[in-house]
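The values are calculated or read from the model by the stated rules, or taken from the named source; none is laboratory data. Owing to the predicted nature of the structure, the values given are computational and were not obtained by experimental measurement. Please note: Cβ atoms are built from the backbone with ideal geometry, for glycine as well, and neighbour counts cover all protein chains shown. Each accessible area value is taken on the protein alone, full model and side chains, heavy atoms only, with ligands, DNA and RNA left out. Shrake-Rupley method; radii C 1.70, N 1.55, O 1.52, S 1.80 Å.
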Amino acid sequence: MTMMMMMNRREEVDSRLLRLCRALPKVELHAHLNGCVRPSTLLELAEECSRRGLLSLSDFQAAVIVKEDRSMEECFQLFGLIHLLTTDHCILTRITKEVIEDFAAENVVYLELRTTPKRNEAVGMTKRSYVEAVLAGIKAASTELSLDSYFDHKEDNIECPSQRYQRKANPQIHVRLLLSIDRRETLEAAMETVHLAWEMRDLGVVGVDLSGNPCIGDWETFLPALKWARQHGLPITLHCGEVPNPREVEAMLAFQPERVGHACFLESPDLSTLLANRIPVEICLTSNLLTNSVQRVRDHHFGALYNANHPVVLCTDDPGVFSISLSYEYALVSTHFGLSSLELLHLSRNAIEFTFAEDRLKQMLQSFFDGAKYAAECQCFQFSGVP
Ligand code: IMP
Ligand code: ZN
């Protein structure tokens with residue numbers, strides 16, 4: 001997010017289009033755990049803390065929790081408040097489970113959630129126990145079909161792709177985790193995070209992210225940790241160009257991360273580097289709009305990148321904070337850039353290639369989408385959830 005004012009500029013979308021986008025299978029690759037918490041859960045947690053005298057909940061804070069349109073200052077206050085409420089292991093497990101359920105309800109079939117492991121000595125929380133609590137939430141929400149059972153069916157040549165799609169009209173969600181380095185952290189803390197990511201690679205942690213207030217810190221502080229992650233085979237995504245900072249953007253792109261988030265402020269040579277290296281961009285349209293990085297949806301760099309056939313993935317960033325959903329982001333793109341339902345499906349399917357998931361899961365998801373595509377083409381696409 002940028003430090004500028006966030007205004008009430010959330011765009012309306014057609015309700016039928018929104019239903020169609022909800023029915024579309026989708027892939028989410030840029031969502032911060034604490035930015036995804038249900039407002040109702042936040043309110044409940046805040047009230048509970050207030051009852052126990054742990055937090056004095058002023059009228060202003062309550063207003064911040066329940067209102068939909070927040071200034072940027074209020075957004076940062078909200079992150080601070082959310083972090084005060086989500087310090088406990090049980091709460092972390094609960095919010096993770098709820099966040100996954102909410103994405104699954106939006107027909108997200110693969111979710112790459114990211115979070116910054118935090119210490120909290122008061123409750124005996126270490127970075128490791130923080131991640132373990134999040135992984136417990138993933139496990140609690142997990143409804144994954146085992147890959148083996150999927151491949152058993154795939155061998156069944158009696159079933160055409162559209163039938164397979166319809167049989168799986170309520171697909172399970174697959175969840176993987178990225179560990180974030182916050183730009184406010186020290187190199188030592190960042191090293192601990194990347195070591196954890198590597199140690200927990202068999203438990204669902206698939207990569208590393210650099211995020212946090214883009215106006216704070218210098219990304220080069222974290223280079224040794226990012227290089228260590230790379231040497232150990234962990235893919236990296238960087239929040240890049242959220243605010244104008246040409247020197248940093250140039251250096252980040254020269255590092256050639258596996259993906260970048262935002263990429264709003266890229267000068268011409270940087271854009272050439274991005275395009276030449278085909279670095280996938282996690283597009284967070286409403287986030288950029290509400291925080292004034294981009295003035296109008298139609299001016300968003302999604303259009304230019306999409307038309308240049310550059311790898312892009314639609315994402316939400318902080319759906320709880322911005323009161324949006326991934327379906328809404330797809331509807332927005334369809335409205336302003338004229339993508340058909342089939343083009344939206346292709347857009348979503350293409351995202352699989354840019355996930356940090358294991359090859360076998362990618363392959364399974366691609367087969368699943370091909371079933372959906374086939375079904376759409378022969379006009380028997382079943383919009384699950386559409387009345
Ligand atoms: P958490 O890592 O689960 O605590 O998710 C919230 C954190 O994500 C915030 O404290 C920021 O560090 C980071 N974050 C959320 N949205 C943005 C963004 O738009 N830009 C940069 N960092 C962000
Ligand atoms: Zn982000």
Apply the Karplus curve 6.51 cos²θ - 1.76 cosθ + 1.60, θ = phi - 60°, to the phi angles in segment 285-298 and return the couplings in whole Hz, x for Gly and Pro.
4, 5, 4, 5, 6, 5, 9, 6, 6, 10, 7, 9, 4, 5
Contour minus Cα-Cα distance for residue 339 and residue 216 (0.36 nm per residue):
40.6 nm
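How much length would be gained if the chain were fully extended between residue 15 and residue 267, taking 0.36 nm per residue of separation minus their Cα-Cα distance, in nm to one decimal?
On the way: separation 252, 0.36 × 252 = 90.72 nm, distance 3.68 nm.
My answer for the length gained is 87.0 nm.
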Please get the size of the charge dipole for segment 225-287, origin at its Cα centre, with Cβ charges of +1 on Lys and Arg and -1 on Asp and Glu, quoted in debye to the nearest 20.
240
Near the amide H of residue 312, under 5 Å away, which other amide H atoms are found, from residues 5 or more places off or on another chain, if H is placed in the peptide plane?
281
Scan around residue 175 for amide H atoms under 5 Å from its own, H built in the peptide plane at 1.01 Å from N, and keep only partners 5 or more places away or cross-chain.
111
For segment 175-189, what does the Karplus curve 6.51 cos²θ - 1.76 cosθ + 1.60, with θ = phi - 60°, yield as ³J(HN,Hα) per residue in whole Hz, taken in order and with x for Gly and Pro?
10, 10, 10, 10, 9, 9, 9, 8, 4, 7, 7, 8, 4, 4, 5
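At 0.36 nm per residue, minus the direct Cα-Cα distance, what do residue 40 and residue 203 gain on full extension? Give it in nm, one decimal, please. Spell out each step's value before the answer.
Numbers: separation 163, 0.36 × 163 = 58.68 nm, distance 2.96 nm.
Here the segment from residue 40 to residue 203 would lengthen by 55.7 nm.
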Which trypsin sites (Lys or Arg not before Pro) does segment 296-360 hold that lie in a coil by DSSP with at most 14 other beta carbons within 10 Å?
296
Quick one: accessible surface of residue 15, probe radius 1.4 Å, all protein chains present, in square angstrom to the nearest 10.
80
Under a point spin-label approximation (7 Å from Cα along Cα-to-Cβ), what is the residue 101-residue 187 distance to one decimal in nm?
4.4
Label-to-label distance, nm, for residues given as residue 299 and residue 122 (7 Å Cα→Cβ offset):
4.3
For residue 91, tell me the accessible area in Å² from a 1.4 Å probe, rounded to the nearest 10.
40
Which residues qualify? For residue 180, with a placed amide H closer than 5 Å and at least 5 residues away or on another chain, they are 115, 116, 209
Per residue of segment 115-132, what does 6.51 cos²θ - 1.76 cosθ + 1.60 with θ = phi - 60° give for ³J(HN,Hα)? Whole Hz please, x for Gly and Pro, Karplus curve as stated.
7, 8, x, 10, 8, 8, 4, 4, 10, x, 9, 10, 4, 5, 5, 4, 5, 4
